[in-house]
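Chemist: Sharing a structure, written as structure tokens. Questions coming.
The values are calculated or read from the model by the stated rules, or taken from the named source; none is laboratory data. As the structure is a prediction and not an experimental result, all values here were calculated from the model. We place every Cβ from the backbone using ideal geometry, glycine too, and count neighbours over all the protein chains shown. These area figures cover heavy atoms from the full protein model, side chains too; ligands, DNA and RNA do not enter into them. Shrake-Rupley method; radii C 1.70, N 1.55, O 1.52, S 1.80 Å.
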Amino acid sequence: MTIKTPHINTEQLIQPEKGRGFQIVGWVLRILFGAVFIFSGFVKAIDPLGSQYKITDYLTAMGLEQFAGLALVAAICLSALELAIGLSMTTGIKVKLAGILGLLFMLIMTPLTLWIALKNPVSDCGCFGDAVTLSNWATFWKNIVLLIVIIVIIYCNKYERPYLKPFASSMVAICFFLLGVLISCISLRHLPCIDFRPYKVGNYLPELMEVPEEAEIDQYKTTFIYEKDGVQQEFDETNYPWNDSTWTFVDQTSVLVKKGYVPPIHDFNLVTLDGDEITDIVLEADHAYLVVMYDLSKTNRKYLNKVLELYQQAQQESAQFYALTASLEDDIYAIAEEAGIPSECFCQCDPITLKTIVRANPGFVELKQGTVVAKWNAADYKVNQQ
């Protein structure tokens, strides 16, 4: 009687990464890694100005302000690269190249996010745009996981065979990158197709400015320094010698140990050139138009005629009209004369807030009783289009 022994693939014993199990693991991780990169690249691509602002913050923190002029180009290329890597990973096109680029990407971003977590130059890394906000330490550990994942992907998929010819694969990969660039260019010309910020159309702004009664407040650790017989000693709020006249107060320091609740909109404050605070007046108005020009020196002058048209339309509709900027008064008076609108219509506001309200300079916002009902890039606005 002949006993049959199971066939053993000695090649798979020597090179287990060729085994079915390794291929499945590599495929699953490749899809997951690609999905993260597609999401990250897409939310940046639809908001290139937001990515530009974040990169500028990084450059400022590093003392490299001289490179801020390249921030927009870097933002577009970064989002396009992430999107191309993600699409290549999920579709299986140019997987080896995408793996190498993904590994290089993580080798650069992981130590960078460690520095950000340690130094805390910005509160949010911006890795997922405004769609998802992560703490700096959460971002670092996320990158550690992705770095491990891409190493495993490269190991498990190094024997994977492409299903397209080299030239066709290269063309498709290039198209993936160009797709990201195209999305960014469209978003620059118009507005982001998806608005993740608190000033998006449909939001009632006063509600987003409220702080619930039960909300946590900032918690501080206060240290008191007293001196007695030439010796200084530190105390806290529970044991400082407030009723002992033999101690002399020297100094007091407070350190934030836990951040309290911060409403989604917490810095929307409008002040006229006369110094009057009119935020509530604007939010309570039945109908108001806002023109956002955060920096008048960077405002696209060819759209000032659109600003005048909107002002005239507001007059016809008996709607309030305000031009919001963070620029100085001399610049305000100059552009008011150039645009042909009264300088009394201008209000000053925090520049970060203005950049958050609308990704355009100038950008238009329509409010009705505090609710955002429409937003436009000035380039897209047409009179009486509602």
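Chemist: If a/c stays under 1.5 just call it rounded; otherwise compare a/b with b/c (prolate if a/b is bigger, oblate if not). Do that for segment 200-331, with a ≥ b ≥ c from the square roots of the Cα gyration tensor eigenvalues.
Modeler: Prolate is the answer for segment 200-331, as a/c is 1.5 or above and a/b outweighs b/c.
Chemist: Another one. Quick one: among Met293, Met89, Met209, which has the greatest mean-square fluctuation in a GNM of the chain with alpha-carbon springs under 10 angstrom?
Modeler: Met209
Chemist: When the chain is treated as a GNM, springs tying every alpha-carbon pair under 10 Å, which of Leu83, Leu367, Leu101 comes out with the largest mean-square fluctuation?
Modeler: Checking each option, the largest mean-square fluctuation is seen for Leu101.
Chemist: For segment 112-194, just say rounded, prolate or oblate: build the C-alpha gyration tensor, square-root its eigenvalues into a ≥ b ≥ c, call rounded for a/c under 1.5, and beyond that prolate if a/b exceeds b/c, oblate if not. Don't jump to the answer; show the numbers that get you there.
Modeler: On the way: a/c = 3.41, a/b = 1.23, b/c = 2.77.
Taking the square roots of the gyration eigenvalues as a ≥ b ≥ c, segment 112-194 is oblate.
Chemist: Can you tell me the relative contact order of the chain? Whole percent, Cα pairs under 8 Å, sequence separation 6 or more. Write out the running numbers ahead of the final one.
Modeler: Working: 594 pairs, mean separation 59.7, N = 386.
Value for the chain: 15 percent.
Chemist: Whole-Hz ³J(HN,Hα) for each residue in segment 112-129, computed from phi via Karplus 6.51 cos²θ - 1.76 cosθ + 1.60 with θ = phi - 60°, x for glycine and proline: what do you get?
Modeler: 5, 6, 5, 4, 5, 5, 6, 8, 6, x, 9, 7, 9, 5, x, 5, 10, x
Chemist: Please determine, in degrees from 0 to 90 and to the nearest 10, the orientation of helix 48-61 with respect to the longest principal axis defined by the Cα atoms of the chain, where the helix direction is its Cα long axis.
Modeler: 80 degrees
Chemist: Please return the longest stretch of the chain lacking exposed loop sites, where GluC sites (Glu not before Pro) count only if DSSP places them in a loop and at most 14 other Cβ atoms lie within 10 Å. Walk me through the numbers on the way to the answer.
Modeler: Working: sites that count: Glu210, Glu213, Glu214, Glu216, Glu237, Glu317.
Here the longest segment lacking exposed loop sites spans 1-209.
Chemist: What is the chain by shape, rounded, prolate or oblate, if you read a ≥ b ≥ c off the alpha carbon gyration tensor as root eigenvalues and call it rounded for a/c under 1.5, prolate for a/b larger than b/c, and oblate otherwise? Please report the intermediate quantities before stating the final value.
Modeler: Details: a/c = 2.68, a/b = 1.33, b/c = 2.01.
Because a/c hits 1.5 or more and a/b fails to exceed b/c, the chain counts as oblate.
Chemist: Okay, next question. If one takes the longest principal axis of the Cα atoms in the chain, at what angle in degrees, from 0 to 90 and to the nearest 10, does the Cα axis of helix 329-339 lie?
Modeler: Taking Cα atoms only, the helix is inclined about 80 degrees.
Chemist: How many angstrom lie between the Cα centre of segment 132-209 and the Cα centre of segment 265-334?
Modeler: What the calculation gives is 34 Å, centre to centre.
Chemist: For Thr110, Thr56, give the ranking by accessible area with the largest first, probe 1.4 Å. Show your work: numbers first, answer last.
Modeler: Numbers: Thr110 10, Thr56 40 Å².
The most accessible residue leads, giving Thr56, Thr110.
Chemist: Skipping prolines and chain starts, which residues have an amide H placed within reach, meaning under 5 Å, of the one on Leu324, given they are 5 or more residues away or on another chain?
Modeler: Val291, Val292, Met293, Cys347
Chemist: With a 10 Å cut-off between alpha carbons and a GNM built on the chain, which of Cys347, Cys175, Cys77 moves the most?
Modeler: Between Cys347, Cys175, Cys77, it is Cys175 that shows the largest mean-square fluctuation.
Chemist: Also, quick follow-up: Given Cα pairs under 8 Å that are at least 6 residues apart, what percent is the relative contact order of segment 87-238? All intermediate terms of the calculation are to be shown ahead of the outcome.
Modeler: Working: 93 pairs, mean separation 30.9, N = 152.
In percent, rounded to a whole number, it is 20.
Chemist: Just the number, please: percent antiparallel of the DSSP beta bridges in segment 212-332, rounded to the nearest 5.
Modeler: 75 percent
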